[in-house]
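Report on the structure given below.
No value in this document is a laboratory result; all are computed from the given coordinates. Computed from a predicted model, the values in this text were never measured in an experiment. In this analysis, Cβ positions are derived from the backbone assuming ideal geometry, glycine residues included, and neighbour counts consider all displayed protein chains.
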Amino acid sequence: MPIKIIKNFFKRIFYGMFATKKHVKLGFYGPPNSGKTTLANRLCKDWLGEELGKTSRVPHETREIQIKEKVEIDFNGKKLTFKLVDTPGIATRIDYEDFLHYGMKVREAKKRAKEATRGVIEAIKWLDDMDAVIIVLDTTKNPYTQVNITIIGNLVARKIPVLIVANKIDLRGARGKIKKIEAAFPEYDVVAISAKKGKNMEEFYENLFALVK
């Protein structure tokens with residue numbers, strides 16, 4: 001059976017799940033520094049005029065669940081209200097020494113690593129409360145990682161609808177790697193964007209509404 005037909009079949013199933021929901025709980029998941037908070041901030045800024053959380057070049061800037069209630073998105077005459085849940089970056093290993101490269105002192109680095117580890121555990125727990133999930137990946141990075149396999153495995157086990165975002169297409173050489181992400185996860189729709197620059201957000205919203213309606 002063609003992959004596109006399979007995708008449309010599952011979308012029809014999930015439509016019934018969301019038809020009676022007033023607020024769709026939408027989780028942002030992915031590896032550290034893939035742009036989850038940047039994307040969540042763009043949605044909040046576009047529709048609420050305020051951001052959700054702080055971003056940084058240092059991994060694991062987001063170490064606790066961040067929530068923005070009642071984000072109403074109006075796209076092409078359709079409206080949906082979302083509860084946005086931005087989660088800490090998923091990692092299979094967090095070493096405090098990694099933070100030392102960013103100029104942190106040992107004590108601060110150990111504290112950050114401990115908080116980040118706790119955040120990963122909380123992020124996985126929160127999957128049980130999600131209606132749909134956006135997986136945000138850095139297009140310049142290799143998608144075939146243990147972290148991504150772990151995330152996908154948890155979502156498949158819970159039968160949660162997923163949209164994969166290939167982020168950071170504004171970076172040099174990124175566009176040529178989108179096909180690699182599509183090949184890594186052929187069972188899911190992939191939309192390529194730059195959350196930072198706001199590129200291709202119309203296609204993102206189109207795919208988001210198709211996912212939850």
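Observations
- Largest first and in whole Å, the equivalent-ellipsoid semi-axes of region 3-212 read 27, 19, 17, each the square root of five times a Cα gyration tensor eigenvalue.
- Entry note: region 131-213 has Rg to Rh equal to 0.95, where both radii use alpha-carbon atoms and Rh is the Kirkwood radius.
- Whole-Hz ³J(HN,Hα) from phi, Karplus 6.51 cos²θ - 1.76 cosθ + 1.60, for region 177-182, glycine and proline x: 10, 4, 4, 5, 5, 4
- Antiparallel DSSP beta bridges within region 3-212, percent to nearest 5: 30
- Region 130-213: GluC sites (Glu not before Pro) in DSSP loop, at most 14 other beta carbons within 10 Å: GLU187
- Environment charge of ILE181, counting only residues whose C-beta is closer than 14 Å and scoring Lys/Arg +1, Asp/Glu -1: +2
- Value of relative contact order over the chain, rounded to a whole percent, pairs C-alpha under 8 Å and six or more apart: 24
- Computed on region 60-154, with alpha-carbon pairs under 8 angstrom and 6+ residues apart, the relative contact order is 28 percent.
- Per-residue 3J(HN,Hα) values for region 145-161, derived from phi via the Karplus relation 6.51 cos²θ - 1.76 cosθ + 1.60 with θ = phi - 60°, read 10, 5, 4, 5, 5, 5, 4, 4, x, 5, 6, 4, 4, 9, 6, 8, x Hz in sequence order (x marks Gly and Pro).
- Only helices enter this figure: runs of n ≥ 4 DSSP H residues, each worth -39500 (n - 2.57), summed and divided by the residues of the chain, yield -13000 deg cm²/dmol at 222 nm to the nearest 500.
- Take the chain and mark each of the chymotrypsin sites (Phe, Trp or Tyr not before Pro) that is in a DSSP loop with at most 15 other Cβ atoms within 10 Å; the longest unmarked stretch, sites excluded, is 1-101.
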